[in-house]
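All remarks here apply to the structure that follows.
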Amino acid sequence: MEKNGKRTLLAGSILMGAFAIWTVLIQVVDVQAIGPNGTVVGLATLNGWFHKLIGVHMGMYMITDWLGLVPIFVCMIFAGLGFCQLVQRRSFFKVDYDILCLGIYYIITIFCYLIFEMIPINYRPILIEGKMEASYPSSTTLLVLCVMPTLLEQVGRRVRSGRKKRTISIIVICFTMFMVLGRLVSGVHWITDIVGAILLSAALVCMYRAIVLWGSSRKSLEGFGYGIL
């Protein structure tokens, strides 16, 4: 377990490095003013070609926007689980280790989201309600790819029934694929925004997974890995 944790942490570090390099590249390579109101974007030839290829589909944008509430609901479920354990066990340190890690992980995810909202790297290729909005990395893609894999990880640990586990996993995977592809074809992001969100979320998920593996190899806390279904 400890060795797997180190390998997963290494993978997360490599992915984080790749995200950093990608972020630099889209600011210095092939920068052109192809966005609305003359806004510039890096890798403009690629971004412009793909945007013209897929066009803009506001219906898909609205669907994925509303479905973006699903991962927020998932976060609330695990926050509720952690709160219930805190009340029942009367100690913060008796809350399941993986749930504590998950709470910290979600806070880090939100922090990353806020940073890129406050410091825009790219603006969207279209105006939203007449306004320019930050586009890099795709916030909806980032949220989905950060939260749904951790749901899969929790299902694998806490759901006892193999049939229920498979069913939930299939639903989660299909939902995640739909959201990423839906956001990509909606045309409200440059393709580099989607790639950036994939790299950052993959890095964060690997790091979360590495910390959980490390902790589970060090000690067994009350309720850790306890099945609920």
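The values are calculated or read from the model by the stated rules, or taken from the named source; none is laboratory data. Computed from a predicted model, the values in this text were never measured in an experiment. For neighbour counting, all protein chains shown are included, and Cβ atoms are generated from backbone atoms with ideal geometry for every residue, glycine included. Note: accessible area is taken over every heavy atom of the protein model, side chains too, but ligands, DNA and RNA are not part of it. Shrake-Rupley method; radii C 1.70, N 1.55, O 1.52, S 1.80 Å.
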- Among the residues of segment 137-146, write down those that are assigned to a helix (DSSP H, G or I), more than 15 Å from residue 174 (Cβ to Cβ) and open to solvent by less than 10 Å² (accessible area, probe 1.4 Å). 141, 142, 146
- Of all residues in segment 1-28, how many are charged (D, E, K, R) and modelled with pLDDT of 90 or more? 0
- Within segment 150-166, the residues that are among the aliphatic types (A, V, I, L, M) and surrounded by fewer than 20 Cβ atoms within 10 Å (Cβ to Cβ) are 152, 155, 159
- Could you tell me whether any residue of segment 100-116 is over 17 Å from the mean Cα position of the chain (by Cα) and modelled with pLDDT of 85 or more? yes
- Message: Looking at segment 154-181, I want the residues that are at pLDDT below 90 and of a type in the set (Gly, Ala, Ser) and have a partner that is assigned to a helix (DSSP H, G or I) and open to solvent by less than 70 Å² (accessible area, probe 1.4 Å) with Cβ atoms under 8 Å, at least 6 apart or on another chain. Which pairs are those?
- Response: 156/165; 156/169
- Message: One residue is enough: does segment 102-120 have a residue meeting the conditions in contact with a Gly (Cβ under 7 Å, 6 or more places away or on another chain), open to solvent by 30 Å² or more (accessible area, probe 1.4 Å), touching a residue at least 12 places away in the same chain (Cβ under 8 Å) and not in a helix (DSSP H, G or I)?
- Response: no
- Message: Just to be sure I understand, how many residues within segment 15-27 are surrounded by 13 or more Cβ atoms within 10 Å (Cβ to Cβ) and either within 17 Å of residue 204 (Cβ to Cβ) or under 17 Å from the mean Cα position of the chain (by Cα) (or both)?
- Response: 7
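Okay, residues lined up against (1) part of a helix (DSSP H, G or I); (2) under 13 Å from the mean Cα position of the chain (by Cα); (3) on the phi > 0 side of the Ramachandran plot; (4) surrounded by fewer than 17 Cβ atoms within 10 Å (Cβ to Cβ):
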position	(1), (2), (3), (4)
168	yes, no, no, no
172	yes, no, no, no
181	yes, no, no, yes
194	yes, yes, no, no
199	yes, yes, no, no
202	yes, yes, no, no
